[in-house]
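Colleague: Let me give you the structure first, and then I'll get to my questions.
The values are calculated or read from the model by the stated rules, or taken from the named source; none is laboratory data. Since the structure is predicted, the reported quantities are computational estimates derived from the model, not experimental observations. Heads up, the Cβs are rebuilt from the backbone with ideal geometry, glycines too, and the neighbour counts pull from every protein chain shown. Ligands, DNA and RNA are excluded from the accessible area calculation, which covers all protein heavy atoms including side chains. Shrake-Rupley method; radii C 1.70, N 1.55, O 1.52, S 1.80 Å.
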Amino acid sequence: MVDQGATPVALNRIDRPGTAEESWDAWAGLTYLPVADPLDWPSAVIVAAHPDDEILGVGGTMSMLAAAGTRLRLIAVTDGEASHPGLDREAIARVRTMESAAARDVLGVQDIEVFRLRLPDTGLAACEDELAARLRELCAGFAVCLAPWEEDAHSDHEAAGRAARRTDQHVLSYPIWMWHWAKPADRRVPWPRARRIPLPADVAELKADAIQAFASQLTDRAGAAGPVLTPEIVAHFTRPQEVLLV
């Protein structure tokens, strides 16, 4: 029996029904965003709260930069060990870091420095000061820092984004869950800060293939309603462009 007097529990924006990719595809606003050219960057450091964030958000950009010989560094903040509650966290961490490496190989991003900080998955907000200090050290000397958007509705993404903004670097934010909870022309999104990076057809195809490396996130999880990355969510990241917030 449902307690009619109970206070309803507000769903996290990530857990609510999302915006279909067809809606984004039909919105002309994405087409008219100003274009950013990543090949203008002599070096770039990418901050990923979890293994797969960097591929979903800026995998195509990373592929283009690697092909151009740009100096690249990846800071993997967590190993994503909390994605499968109830399973061995160390085993999940090994799987997820291997998936990230396999995805980078597909994209041709082999010559990249990788720093694994091994901070706690789902616990970054509690160690944001530590993370900011590590990022300040590891991002120094790079032309740009690509980091999760600090208003992405995932606590780890937001903490990583805030920590990146506390460095002295030129930070460009990449959204992940925004494509799920926001809608075209959504006023919660700072569209004047948005820039698009068009992806050549071959790069977009490589990115789509690279996403398939994340089998642990694409398949059903024991005791869960389904995979983390449903086909509907994946569709947001197989477009011929990526979007950054300056």
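Colleague: Working only within the range 108-127, note down all residues that are exposed (fewer than 14 other Cβ atoms within 10 Å of the Cβ) and basic (Lys, Arg).
Modeller: Across the range 108-127, the qualifying residue is only ARG118.
Colleague: Continuing with this model, one more query. Note down all Cβ pairs under 7 Å where the first residue falls in the range 48-72 and is part of a strand (DSSP E or B), the second is modelled with pLDDT under 95, and they're at least six residues apart or on different chains.
Modeller: none
Colleague: Please enumerate the residues belonging to the range 209-234 that are surrounded by fewer than 16 Cβ atoms within 10 Å (Cβ to Cβ) and either among the aliphatic types (A, V, I, L, M) or in contact with a Ser or Thr (Cβ under 8 Å, 6 or more places away or on another chain) (or both). Show your work before the answer.
Modeller: In the first step, residues of the range 209-234 are kept if they are surrounded by fewer than 16 Cβ atoms within 10 Å (Cβ to Cβ); the result is 209, 212, 215, 219-220, 222-226, 230-232.
Selection gives ALA215, ALA222, ALA224, ALA225.
Colleague: Only residues in the range 13-27 that are among the acidic types (Asp, Glu) count as the first member; pair them with residues that are open to solvent by 60 Å² or more (accessible area, probe 1.4 Å), Cβ under 8 angstrom, at least 6 apart or cross-chain, and list the lot.
Modeller: Once the first residue is among the acidic types (Asp, Glu) and sits in the range 13-27, its partners that are open to solvent by 60 Å² or more (accessible area, probe 1.4 Å) give GLU21/GLU232.
Colleague: I would also like to ask the following. Filter the range 28-39 for residues that are aliphatic (A, V, I, L, M), farther than 16 Å from VAL58 by Cα and free of Cβ contacts under 8 Å to residues at least 40 places away in the same chain and give the result.
Modeller: ALA28
Each row is one residue, and each column tells you yes or no for (1) polar (S, T, N, Q); (2) open to solvent by 10 Å² or more (accessible area, probe 1.4 Å).
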residue: ASP129; (1), (2): no, yes
residue: ALA133; (1), (2): no, yes
residue: LEU146; (1), (2): no, no
residue: ASP156; (1), (2): no, no
residue: ALA164; (1), (2): no, no
residue: THR167; (1), (2): yes, yes
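Colleague: Which number in (1) within 23 Å of MET62 (Cα to Cα); (2) at pLDDT 95 or above; (3) aliphatic (A, V, I, L, M); (4) not in a helix (DSSP H, G or I) marks the one condition that ALA235 misses?
Modeller: Every listed condition holds for ALA235 apart from (4).
Colleague: Mind listing just one residue for me: the one in the range 1-42 that is modelled with pLDDT under 75 and of a type in the set (A, V, I, L, M, F, W, C) and, of those, surrounded by the fewest Cβ atoms within 10 Å (Cβ to Cβ)?
Modeller: Residue satisfying both the conditions and the ranking: MET1.
Colleague: Residues being out of contact with any helix residue (DSSP H, G or I) (no Cβ under 6 Å at 6 or more places or on another chain) and either in contact (Cβ under 8 Å) with a residue 60 or more places away in the chain or open to solvent by less than 20 Å² (accessible area, probe 1.4 Å) (or both): count how many of those fall in the range 187-203. Can you show your working first?
Modeller: If we filter the range 187-203 for residues that are out of contact with any helix residue (DSSP H, G or I) (no Cβ under 6 Å at 6 or more places or on another chain), which is where we start, we get 187-196, 198, 200-202.
Subset that is either in contact (Cβ under 8 Å) with a residue 60 or more places away in the chain or open to solvent by less than 20 Å² (accessible area, probe 1.4 Å) (or both): 189, 191, 194-196, 198, 200.
Residues in the range 187-203 being out of contact with any helix residue (DSSP H, G or I) (no Cβ under 6 Å at 6 or more places or on another chain) and either in contact (Cβ under 8 Å) with a residue 60 or more places away in the chain or open to solvent by less than 20 Å² (accessible area, probe 1.4 Å) (or both): 7 in total.
Colleague: Filter the range 63-103 for residues that are open to solvent by 30 Å² or more (accessible area, probe 1.4 Å) and among the basic types (Lys, Arg); which is farthest from PRO38 (Cα to Cα)?
Modeller: Across the range 63-103, the extreme among qualifying residues is ARG89.
Colleague: May I ask you to list pairs of residues, at least six apart or on different chains, whose Cβ atoms are under 8 Å apart, with the first in the range 143-167 being free of Cβ contacts under 8 Å to residues at least 12 places away in the same chain and the second being outside any loop (DSSP other than H, G, I, E, B)?
Modeller: Every condition considered, no pair remains.
Colleague: So which residues in the range 64-80 are small (Gly, Ala, Ser), over 22 Å from LEU124 (Cβ atoms) and in contact with a strand residue (DSSP E or B) (Cβ under 8 Å, 6 or more places away or on another chain), if there are any at all? Walk me through it before giving the result.
Modeller: So in the range 64-80, the residues small (Gly, Ala, Ser) come out as 66-69, 76, 80.
Next cut, over 22 Å from LEU124 (Cβ atoms) only: 66-69.
Passing the criteria: only ALA66.
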